[in-house]
1. Sort Met96, Met34, Met1 so the one with the fewest other Cβ atoms within 10 Å of its own Cβ comes first.
2. How many angstrom lie between the Cα centre of the range 91-168 and the Cα centre of the range 29-57?
3. Which of rounded, prolate, oblate describes the chain, given a ≥ b ≥ c as roots of the alpha-carbon gyration tensor eigenvalues and a/c under 1.5 marking rounded, otherwise prolate only if a/b is larger than b/c?
4. Return the long-range amide H neighbours of Leu202 (sequence gap of 5 or more, or a different chain), with a cut-off of under 5 Å between placed amide H atoms.
5. When the helices in the chain are scored as -39500 (n - 2.57) per DSSP H run of 4 or longer and the sum is shared across all residues, what 222 nm value do you end up with, to the nearest 500 deg cm²/dmol?
6. Pop the C-beta distance of Tyr63 and Arg86 into the FRET formula with R0 = 30 Å and round what comes out to the nearest 0.05.
7. Just need the relative contact order of the chain here, percent rounded to a whole number, with Cα pairs under 8 Å and 6+ apart.
8. Quick one: what are the phi-derived ³J(HN,Hα) couplings along the range 173-189, Karplus 6.51/-1.76/1.60 with θ = phi - 60°, whole Hz, x for glycine and proline?
Amino acid sequence: MLQDVETGSLWSQVTGECIAGKMEGSVLTLYPSMMTTFAAFGVDYPDGRLLTKPQPGPDRSPYEWYAADTTALSMFGRVDNFQRLRGKDVVYGVRMDGRQTAVAKDLIASKHLVILDQFTTPVVVTGDSTGSSVAAFLLPVGRQRISELEVVGDTLILGSGDESWNARTGKSQSVRGGDLAPVPITSVYWFAWVSFFPETELVK
């Protein structure tokens, strides 16, 4: 749950909907982002700015114990009786065309590439060579060429290399074609995602 300072309204972290307060009924706009490390961010955006926690204060998150405990699903002792994945498994959720799809983190870490072709425009979810950076992009290539895509190192390559992009940023690295359009993606525990979207598709 999130609370905004201006109105005191409460917002869902998963759906972006306001569930209580002055803004109830409103929905936040989703913006594309990528999950990455500071080292990778520095390589891709050497002029990027870093937001840090104001000091003084604890340097560590008060929720570290929660992330480390695979049995703790919520603050209220919820039981892990979820199907398809364990409740605390991390997934990357994509919402488009009125559909929801979750991609298992373990799959991205091992394959570095998942193509979601159930949407009107296919979406590619990429992971870099370290397995710690994940992003999603619209795929502007014909469906018949989807099988020609692969991630090599930190580069998304089409076919024999006539088109290529940075796997983290979607920036074109070839003369042909342009940058890939980023897609909003949500890093979330499986139990939370499937609780909000019980009919979600799952790629694992």
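1. Met1, Met96, Met34
2. The distance from the Cα centre of the range 91-168 to that of the range 29-57 comes to 22 Å.
3. On the way: a/c = 1.68, a/b = 1.45, b/c = 1.16.
Prolate is the answer for the chain, as a/c is 1.5 or above and a/b outweighs b/c.
4. HN-HN under 5 Å from Leu202: Ala102.
5. Calculated from helices alone, the mean residue ellipticity at 222 nm is -3000 deg cm²/dmol.
6. 0.95
7. 21
8. After applying 6.51 cos²θ - 1.76 cosθ + 1.60, I find 10, 9, 5, 7, x, x, 5, 7, 7, x, 10, x, 9, 10, 8, 7, 5 Hz.
Readers should treat all values here as calculations from the given coordinates under stated rules, not as data from a laboratory. Note that the coordinates shown come from a computational prediction; the quantities given were computed from them, not determined experimentally. A quick note on method: Cβ atoms are made from the backbone with ideal geometry, for glycine too, and the neighbour counts reach across all protein chains shown.
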